[in-house]
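In what follows, a structure is listed as structure tokens, so that the remarks can point back to it.
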Amino acid sequence: MARVVLEGLRKTYPNGFQAIHGVDVEIEEGEFLVLVGPSGCGKSTLLRMIAGLESITEGQLSIGDRVVNNLEPSERNIAMVFQNYALYPHMSVYKNMAYGLKIMGLPKAEIEERVRKAAAILELTDEQLTRKPRQLSGGQRQRVAMGRAIVREPSVFLFDEPLSNLDAKLRVQMRLEIKTLQANLGITSIYVTHDQVEAMTLGHRLMVLNAGNVEQLGTPIELYQRPASLFVAGFIGSPAMNFADARIDAAGKNITISGQAALPLGDGGMLEHGGRDVILGIRPEHLELVADAPDAVPMTVSVVEQLGADTLVHGHFGESKSNLTVRLDGIRHIKRGETLPIRVTPDHLHVFDPKTEKRL
Amino acid sequence: MLKNVHFGPSVLPFLLVLPQIAVTLVFFIWPASQALYQSVLLEDAFGLKTEFVWFRNFEELFSDPHYWSSFEITVVFSFLVAFLAMSFALVLALLADRVIKGSGTYRTLLIWPYAVAPVTAGALWVFMFNPTLGIVAYALSALGYEWNHQLNGGEAMALVVMASAWKQVAYNFLFFLAGLQSIPKSLIEAAAIDGAGPGRRTIDIILPLLSPTTFFLLVINIVFAFFETFGVIHAVTAGGPAGATNILVYKVFNDGFVGLDLGGSAAQSVILMIIVIGLTVVQFKYIEKKVSY
């Protein structure tokens, strides 16, 4: 177990492409940090820099009390789980797990003990230990890949989208297993994913990356409740947040969506931004259907999606062009073309600057 | 359920395979059956009369010590060519796999020898090693070694082995490189994290995963050394000195077209045919069961 400290970490490729533009973070002992972002945002590159599979152009990386910038991957005391598992196809499951220990030069008895222990944790049977990886199912291969990481007893676990090759059901199950395992072992973990549900459920803290920049670092709930930028607001939450061009009135008390009824701003308004054009963000789950409320805004329905647990209603406010999605509980019988009275609670308005795309 | 689509009877499929069948008939089935037929005949050197002798040609062959020595020479020659060509190609491919800049040029240059005809390749090596004119022979004599493959059987063998292997390296290199590039990069990275250095990774991970390619190339190289090195032998040593490089395929030519023993030569080519059929069967049987990953 160890702290991992990234200070001003940068990566520039020989062709001049900057993949990572300076990342600073201190990952505490036993913490589970998730790097999340769309494909190409640099999250895998950053993980591979920590692993030692990519060189560090600038900045300092420490694991425990050592600076490891120039150490080989094997000297960093880490273990990594790859997206395609990267199991050695010609070795049995046992040998796959034992390979790293054999290279460390551990005595046979200790290797055996460690492999058996990891197999027990991951519920791999003795029979499965003798099989070749290709004779295992996707979920079992995933377990073996984790087993290979566990036996090394590393101070840091690195996960590179380990669940993306599994089917949806297995993914949910393995997600729980990873979370439980990490909590039980208490090993510092860094986990890369593009799936925001995985990110929200697994991480103690999330780092949202966009084009090599850190957009926001915080707990899942902080990111959900106070997204620092339009990017984070749109990325976290499913279905995605609604955005609309809006204007704050001169007094800073109300906000108007292109010509529609004004919505009151909570917390005494935003006086300092009075009279500004802004982008308003509202999560689909923070819109409610209310009969005869004075502050309700009429919404015209275009599409209804029934999910059983919820109903997603797509449409727009009156004449406004911006698409709007509303998430309602349970099964609702709503028809296309209907007009619904919708209300937003002031606490759940997110206001962003259209130029800097930062939260106001 | 999808079923195979059946069309009515048509001549089109037969027309489409006709050229291939014609080529096979004219260039393989016909000469091969001629060889089979000739191998049981005894013809006099002037071509005046022919006698049907059953398997006497084969009996003579198997009791001929020259034939057995040619067999031994062929085995040694094939083993050396295959080993040299494959090990050298593997080393080159392992190095080329790590090249990042200019890898295209490097690879193209390495492939060139394959485009050189065997006789030309042989001629090139003869020029370098000619005892009186050759630059390598000259360099060797400066080092105090008198090279003369026209007199020394071992040197002659070394020379034809080098010339043949040199030609085959390019082909092997291509296959090894393709094999290396099909190994997922993450496996190598996983091994690096497991603490294996480059040498250890090569032995523990890369070579086992290359084994299907290696086996395929082994068969191909043996077939090459057995049958396609005729040009090299002919240009470099003509089977000499004193039969030291007289491999089976060269002996077929020598006995048949120089010695004019048509029956004996045909019998030898029948035996060669059986060997190549055997090798092909082995290849097809095992290539299916290759290590899959």
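Just so you know, all these numbers are worked out from the coordinates, no wet-lab data involved. No experiment lies behind these values; they were computed from the predicted model shown. In this analysis, Cβ positions are derived from the backbone assuming ideal geometry, glycine residues included, and neighbour counts consider all displayed protein chains.
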Chain A: relative contact order as a whole-number percent, Cα under 8 Å and 6+ apart: 15 percent
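Answer rounded, prolate or oblate for region A:36-177, using the Cα gyration tensor with square roots of eigenvalues a ≥ b ≥ c: rounded when a/c is under 1.5, else prolate when a/b is larger than b/c, else oblate.
oblate
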Out-of-range pairs (alpha-carbon distance over 32 Å; input A:LYS95/B:LYS101; A:LYS11/B:LYS185; A:LYS11/A:LYS321): A:LYS95/B:LYS101; A:LYS11/A:LYS321
Whole-number percent relative contact order across chain B, with pairs defined as alpha carbons under 8 Å at least 6 apart: 27 percent
FRET efficiency for B:LEU18 and A:PHE17, using Cβ-Cβ distance with R0 set to 56 Å, rounded to 0.05: 0.50
Separation in nanometres of the label points that stand 7 Å from Cα toward Cβ, at A:GLU112 and B:LEU109: 5.4 nm
FRET efficiency for A:ASP245 and B:TYR138, using Cβ-Cβ distance with R0 set to 56 Å, rounded to 0.05: 0.05
Prolate/oblate/rounded label for region B:157-197 (Cα gyration tensor, a/c 1.5): oblate
Amide H within-cut-off set for A:LEU287, under 5 Å, with H built and near neighbours excluded: A:ARG327
Sites matching chymotrypsin sites (Phe, Trp or Tyr not before Pro) across region B:76-163 that sit in DSSP coil, with at most 12 neighbouring C-beta atoms within 10 Å: B:TYR145
Per-pair calculated FRET efficiency, R0 = 41 Å: A:GLU72 and A:ARG131 via Cβ, rounded to 0.05: 0.85
Where trypsin sites (Lys or Arg not before Pro) in DSSP loops with at most 16 other Cβ within 10 Å are excluded, longest remaining stretch of chain B: B:102-288
Point-to-point label distance, A:ALA183-A:HIS333, nm (Cα→Cβ direction, 7 Å offset): 4.2 nm
Reachable lysines, given that their alpha-carbon falls under 25 Å from the alpha-carbon of B:LYS167 and they are not under 8 places away in the same chain: B:LYS251
Proxy reagent accessibility, fewest Cβ within 10 Å first, across A:LEU209, A:LEU328, B:LEU279: B:LEU279, A:LEU328, A:LEU209
Per-residue ³J(HN,Hα) for region A:185-194, Karplus 6.51 cos²θ - 1.76 cosθ + 1.60, θ = phi - 60°, Hz, x for Gly and Pro: 7, x, 8, 3, 10, 10, 10, 9, 7, 9
DSSP bridge pairs, the protein assembly as shown: antiparallel proportion in percent, nearest 5: 75 percent
Aspartates and glutamates with Cα under 13 Å of A:LYS179, excluding same-chain neighbours fewer than 8 positions away: A:GLU31, A:GLU198
Cα-based shape type of region A:242-352, given that a ≥ b ≥ c are square roots of the gyration tensor eigenvalues and the cut on a/c is 1.5: prolate
Karplus (6.51, -1.76, 1.60) ³J(HN,Hα), θ = phi - 60°, over region A:170-176, in Hz, Gly and Pro reported as x: 5, 4, 5, 5, 5, 4, 4
Among B:ALA139, B:PRO208, B:SER164 - extreme Cα towards positive end, dipole of region B:64-243, charges at beta-carbon: B:PRO208
